[in-house]
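Below is one structure; the comments refer to it alone.
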Amino acid sequence: MKAEKTSKNAAYTGLFAAVAASSCCIPPVIALIAGVGGSASALSWMEPFRPYLIGLAVVAIGYAWYAYLKPQKEDDCCEVDAKPKWYQTKGFLIVITLFAVIAIAFPYYSTIFYPDNKKEVVIVSQSDIQIINFTIQGMTCAGCEESIKHAVNELDGIINVTPSYEQGSTVVEFDKSKTSKAAIEKAINSTGYKVTDRKN
């Protein structure tokens, strides 16, 4: 009985750590679905802790499996229930393990939740085309990039948006007769990430 309880507690700890490891990437998707752009970067401060949280999740879930599978002592055998509860079964551990893997991998597939909202732009004059590189603070994953891309593509006159969380920047090509630098910066800032600089 004690082994099953230890296994359950370790499994929940692992699951919590796995979800926390991707918590920096979950708010942008929730913000998009809920239509609340400003909260997209709410948990970006958690990104530096991601490797440690993943490690904790792996250790905790590994320990949960160990506690479940290790042979019981003879004096523990009489404590075993005739029919184990759900959290005492192998199925419970399999579900927790799969959910933890899905949570940890979330930053790598979160982009599928963002619809393609790029518009066709008719260019009247090539002299109206401008390219600006915005330096952005707070991006930590591909989900952050998609959040910014989606917000900027809502504007008219956007030809191309190329965000990069590794470089902390977004390059925007646009028709200045249809939108402006200020409008683009406002769209980026509306996601919760902050434009700190812009260069032509």
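Rule-based calculations on the coordinates, nothing more; no lab input. It should be emphasised that the depicted structure is a prediction, and the values quoted were computed from it without experimental measurement. As a convention, Cβ positions derive from the backbone with ideal geometry for all residues, glycine included, and neighbour counts pool all protein chains shown.
Points to keep in mind about this one:
- Calculated FRET efficiency for the pair residue 137/residue 16, C-beta based, R₀ 41 Å, to 0.05: 0.90
- Estimated inter-spin distance, residue 177 and residue 109, nm [label 7 Å along Cα→Cβ]: 4.5 nm
- For residue 111, the shell of other residues with beta-carbons less than 12 Å away shows a net charge of -2, using +1 for Lys and Arg and -1 for Asp and Glu.
- Reported to the nearest whole Å, the Cα centre-to-centre distance from segment 124-200 to segment 93-120 is 24.
- Set of lysines with alpha-carbon distance to residue 149 below 21 Å, sequence-local pairs under 8 removed: 118, 119, 176, 178, 181, 186, 194, 199
- Relative contact order (%) - segment 114-199, alpha-carbon pairs under 8 angstrom, separation at least six: 39 percent
- 5 angstrom amide H check on residue 136, placed H, neighbours 5+ away: 169, 170, 196
- Electrostatic bookkeeping for residue 178 treats Lys and Arg as +1 and Asp and Glu as -1; over the other residues with beta carbon under 9 Å from its beta carbon, the sum is -2.
- Extension gain, residue 164 to residue 122: 0.36 nm times the residue separation minus the Cα-Cα distance gives 12.5 nm.
- Pairwise label distance in nanometres, residue 58 with residue 196, each label 7 Å out on the Cα-Cβ vector: 3.0 nm
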